[in-house]
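Student: First the structure, then my questions, so here it is.
The values are calculated or read from the model by the stated rules, or taken from the named source; none is laboratory data. Small disclaimer: the values here were computed from a predicted structure and weren't measured. With ideal geometry, Cβ positions are generated from the backbone for all residues, glycine too; neighbour counts draw on all protein chains shown. Heavy atoms of the whole protein, side chains included, go into the accessibility calculation; ligands, DNA and RNA do not. Shrake-Rupley method; radii C 1.70, N 1.55, O 1.52, S 1.80 Å.
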Amino acid sequence: MALVAGIDSSTQSCKVVVRDAATGALVRSGRASHPDGTEVAPAAWWDALQTAIADAGGLDDVDAVSVGGQQHGMVTLDEQGEVVRDALLWNDTRSAQAALDLIDELGGPQAWADATGSVLVASLTVTKLRWLRDAEPENAARVAAVALPHDWLTWRLAGHGPGSGAAGLAELVTDRSDASGTGYWSPQTDGYRHDLLELGLGHDAVLPRVLGPREAGPRSATGARRPVLGPGAGDNAAAALALGLRPGDVAVSIGTSGVVSAVTGSPTADGSGLVTGFADASGHYLPLACTLNASRVLDATARMLGVDHAGLSALALQAPAGADGLVLVPYLEGERTPNKPDATGALHGLRLANTTPAHLARAAVEGMLCALADGIDALRAQGVAVERLFLIGGGARSEAVRRIAPSVFGLDVVVPTPGEYVADGAARQAAWVLSGDDEPPAWSAAGSAEVVSGEPAPRVREQYAAVRELTATRPDVT
Ligand SMILES: Nc1ncnc2c1ncn2[C@@H]1O[C@H](COP(=O)(O)OP(=O)(O)O)[C@@H](O)[C@H]1O
Ligand SMILES: O=C(CO)[C@@H](O)[C@H](O)COP(=O)(O)O
């Protein structure tokens, strides 16, 4: 029995699954936490990966490994292969002004959408490089190569790291899905735009070679059999591969980020910026709308109410749909879709009748889901068919989320058995690399799924839409 491993190095943690390459059966798994914050030393991801691999029983009997991970994070390497500074993550908004500057310099939002599939927001890597050029010019000048979290971990697994030098930097590899979230990769030409990298960073740099969807990378230095490393993927593309999304299917992921995404046959170029036109992990495209505020809205509300996740869910289900007019606009971390990096969250419609823990819990779940429902509408506006919704990510473990989502989205929701779909997609890719077949292995990781229906509640979205613009700016922003 050949075994493959899939890794998800996500915002909050690292997960490893080991699966049977032929059947997809789960053999074992492991995990470890990541540090908090939007600026993280990449070494912390490497340490967490070692812990998660050990927790999963090691890789000694594994023949292929792929790494999926949080997208966009800026990992800068100097000529020796040393990390120049801590990585800025996808949810770090300090490069919001850099995004505006770059948009202006290229000729406006549509120019970026046409060039890269996406209008720049602070999440995209090129804006972080421009911030580095402006705020830390000495660090920018030292940058010899730029990688993403999954690229860097693949490189470390291959035995490279500090001291690898120019020869080592030349061994960096990535895949289309993660390259497409940088702001210097073109879906039209299927290649890098080094001119846009230079526009951001101020000079050219080595970029990871983009492997095809089932192309073998280097061999791993970790694991007795020196497993082959796959190209890896951005987390959302890996999840799409795990679910085996077909036309009409839309994945709704509730992790640190809230993401709606779909696999399409042609790229999108949404000049409004609501939908980013990324690539997927199978050779196609992955238009996607991403919010900065999803599972942590639930975490924060549970904390405010002094309950755990189960308690929050129970409370939310006690209140009526619409929470008697109480609306939570969930911009706790600023927001990316819509682009409001300096916004704060807000609670509207407070009355004596709705100031109860149950109403607040309900408003938190509904507000977070309404932001995702706006993302589903934005996908539709790009011509993406929306027929089946798949609900995944840590937030999908909440019963309230599962039961309220169909009413807010106005569609049934398919909830696959809770699992690690990003790591599973990476494992499926690893099995594909191992087989060398034209198509990925027939198995998908989705297992059994529950279909949840609900009475459509358009009033919930109407009352959200009426107040979502009414938010204050962060006090530390002038
Ligand atoms: N039962 C639950 N109800 C609501 N949220 C949950 C539940 N279980 C986990 N979470 C939340 O899900 C998040 C982790 O999900 P995950 O998809 O792994 O995130 P990420 O990929 O961003 O690291 C955490 O914020 C966690 O508190
Ligand atoms: O920025 C995006 C997608 O564009 C996020 O989806 C990140 O990729 C982080 O994902 P999670 O760790 O929250 O799952």
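Student: Which cross-chain or sequence-distant (5 or more) residues have an amide H under 5 Å from the amide H of TRP90, H modelled 1.01 Å from N in plane?
Tutor: GLY73
Student: What is the percent carbon and sulfur in the accessible area of the stretch 236-284, measuring with a 1.4 Å probe over the protein chains and ignoring ligands?
Tutor: Ligands and nucleic acids excluded, carbon and sulfur reach 51 percent.
Student: Still on this structure: Per-residue HN-Hα couplings for the stretch 67-72, Karplus 6.51 cos²θ - 1.76 cosθ + 1.60 at θ = phi - 60°, whole Hz, x for Gly and Pro?
Tutor: 10, x, x, 3, 7, 6
Student: From the C-alpha coordinates alone, can you work out the Kirkwood hydrodynamic radius of the stretch 343-445, in Å?
Tutor: Result for the stretch 343-445, one decimal place: 16.6 Å.
Student: If you take every residue apart from VAL146 with its C-beta less than 15 Å away from the C-beta of VAL146, what net charge results, scoring Lys and Arg +1 and Asp and Glu -1?
Tutor: For residues surrounding VAL146, the net value is -4.
Student: In the chain, which helices (entire DSSP H runs) extend 30 Å or more along their own long axis, judged by Cα positions, while averaging at least -0.5 on the Kyte-Doolittle scale?
Tutor: For the chain, where a helix must reach 30 Å along its axis and average at least -0.5, the hits are 357-381.
Student: I would also like to ask the following. Once amide H atoms are built 1.01 Å from N in the peptide plane, which residues 5 or more positions from LYS340, or in another chain, come under 5 Å H to H?
Tutor: Close amide H contacts, sequence-distant or interchain: GLU335.
Student: Please give, to one decimal in nm, the separation of the simple spin-label points placed at GLU138 and THR51, each 7 Å out from Cα toward the Cβ.
Tutor: Between GLU138 and THR51, the simple spin-label model gives 3.2 nm.
Student: Go through 298-305, 81-88 and give me the packing order, highest mean Cβ count within 10 Å leading.
Tutor: 81-88, 298-305
Student: Now for a separate question. Provide the percentage of antiparallel DSSP beta bridges, counting only those with both residues in the chain; round to the nearest 5.
Tutor: Of all bridge pairs located within the chain, approximately 65 percent are antiparallel.
Student: How large is Rg/Rh for the stretch 225-370, to two decimals, with Cα atoms and a Kirkwood Rh?
Tutor: 1.07
Student: Using the C-alpha atoms of the stretch 92-163, what convex hull volume per residue, in cubic angstrom, is computed?
Tutor: 108 Å³
Student: Cα-based Rg (one decimal) and Dmax (whole number) for the stretch 152-192, in Å?
Tutor: When restricted to the Cα atoms of the stretch 152-192, Rg and Dmax are 12.2, 36 Å.
Student: At 7 Å along Cα-to-Cβ for each site, give me the label-to-label distance between ASP78 and GLU39 in nm.
Tutor: Between ASP78 and GLU39, the label points sit 1.8 nm apart.
Student: What fraction, in whole percent, of alpha-carbon pairs in the stretch 38-105 exceed 20 Å separation?
Tutor: Details: 1112 of 2278 pairs.
Taking all Cα-Cα pairs of the stretch 38-105, the fraction more than 20 Å apart is 49 percent.
Student: Please report the carbon-and-sulfur percent of the accessible area for the stretch 99-145; probe 1.4 Å, protein heavy atoms only, DNA, RNA and ligands left out.
Tutor: 51 percent
Student: Starting from the amide H of LEU288, placed 1.01 Å from N in the peptide plane, find each other amide H under 5 Å away whose residue is 5 or more places distant or on another chain.
Tutor: THR276, PHE278
Student: Below 15 angstrom from the Cβ of GLN71, what's the summed charge of the other residues (Lys, Arg +1; Asp, Glu -1)?
Tutor: -4
Student: Oh, and also: About the Cα centre, and with charges only on the beta carbon of Lys, Arg (+1) and Asp, Glu (-1), how big is the dipole of the chain? Nearest 20 debye, please. Write out the running numbers ahead of the final one.
Tutor: Values: 35 positive and 56 negative charges, 184 e Å.
Here the size comes out at about 880 debye.
Student: For GLU462 and ALA25 in one chain, what is 0.36 nm times their gap in residues minus the Cα-Cα distance, to one decimal in nm?
Tutor: 152.9 nm
Student: Go through the stretch 88-172 and name the trypsin sites (Lys or Arg not before Pro) that are in a DSSP coil and have 16 or fewer other Cβ atoms within 10 Å of their Cβ. Intermediate results must be reported in sequence, preceding the final value.
Tutor: Values: sites: ARG94, LYS128, ARG130, ARG133, ARG142, ARG156; in loops: ARG94.
Here the sparse-neighbourhood loop sites are ARG94.
Student: Would you mind counting up the charge near SER186? Only other residues with Cβ under 14 Å from its Cβ, with Lys and Arg at +1 and Asp and Glu at -1.
Tutor: Around SER186, the surrounding residues sum to -1.
Student: Compute the accessible area per residue over the chain, keeping the other protein chains in place, probe 1.4 Å, unit Å².
Tutor: For the chain, the solvent-accessible area averages 35 Å² per residue.
Student: With a 1.4 Å probe and all protein chains kept in place, how much accessible area does ARG351 have, in Å² rounded to the nearest 10?
Tutor: 130 Å²
Student: Pull out the extension gain between GLU455 and ALA2, defined as 0.36 nm times the separation in residues minus the alpha carbon to alpha carbon distance; nm, one decimal.
Tutor: Here the segment from GLU455 to ALA2 would lengthen by 158.5 nm.
Student: How long is the gain from LEU317 to MET304 if the chain were fully straight, where each residue apart is worth 0.36 nm and the alpha carbon distance is subtracted?
Tutor: 2.9 nm
Student: Using only C-alpha atoms and all pairs of different ones, pull out the Kirkwood radius for the chain in Å with one decimal. Present the calculation step by step, with values, prior to reporting the outcome.
Tutor: Numbers: mean 1/r = 0.0450 Å⁻¹.
Over the chain, the inverse of the mean reciprocal pair distance is 22.2 Å.
Student: Taking the convex hull of the alpha carbon atoms in the stretch 159-288, what volume per residue do you get, in Å³?
Tutor: Enclosed volume per residue, from the Cα hull, is 149 Å³.
Student: Pop a pseudo-label 7 angstrom from the Cα along the beta-carbon direction at both GLU469 and THR417 and give the gap in nm to one decimal.
Tutor: Label at GLU469, label at THR417, 4.8 nm between them.
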